[in-house]
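Values quoted throughout were computed directly from the atomic coordinates according to the rules given, and no laboratory measurement underlies them. Predicted model, so just to flag it, every value in this text is computed and none were measured. Here Cβ is always computed from backbone atoms with ideal geometry, including for glycine, and neighbour counts include all displayed protein chains.
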Amino acid sequence: MFRQLGEILLSKTQRFMDNQIDGAGYVTGLGQYGDMLIRNLHGHHTWEDRSYFPELSRADRRFQAGQELLESDHLELDNLLDDITQRSNRVIKLFDLDPSQIKNDIGPLREEFAKLSVFLNRHLTDEEDLIVPILLHHKMRG
Ligand SMILES: [Fe+2]
């Protein structure tokens, strides 16, 4: 779901830049999909950091190095999500106040969504590679 929402936001931003969708539709989608992605990602990572990763580390000490890597990813990801939130809110406000100004922010926002897609793909693949063998080995999660 995270990957899909990130791809939708990247593609909508690109299509808006290419004048394939109108501004009103774009900012509505940006607000809805952006809010859904950011709130769910924060919630998911908070659960992983506080509950899931410690549980895996207790089950298998070999996970500890992986846990550090994934938690440092979460910090980096939080910074990127904050940048995206600020810039998206600015674009949404500018659409009401002065749409001609949006062009200064839309390119950087597109770059941030592209960076997020690459980051999420790598991070979620790393999580699968580090966690699935532990779940299978210890027969966790059914
Ligand atoms: Fe994660």
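Of all residues being surrounded by fewer than 13 Cβ atoms within 10 Å (Cβ to Cβ), more than 15 Å from the ligand (Cβ to nearest atom) and assigned to a helix (DSSP H, G or I) in segment 128-142, which is farthest from the chain's Cα centre (by Cα)? Just the residue, please. Spell out the reasoning first.
Taking segment 128-142 and keeping what is surrounded by fewer than 13 Cβ atoms within 10 Å (Cβ to Cβ), we get 128-129, 132, 136-139, 141-142.
So of that shortlist, the ones also more than 15 Å from the ligand (Cβ to nearest atom) come out as 136-139, 141-142.
Add one more test, that the residue is assigned to a helix (DSSP H, G or I), and what stays is 136-137.
Working: LEU136: 27, HIS137: 29 Å.
Here the residue is HIS137.
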>> One residue is enough: does segment 8-28 have a residue meeting the conditions crowded, with 16+ Cβ neighbours inside 10 Å, more than 16 Å from ASP105 (Cα to Cα) and small (Gly, Ala, Ser)?
In response: no
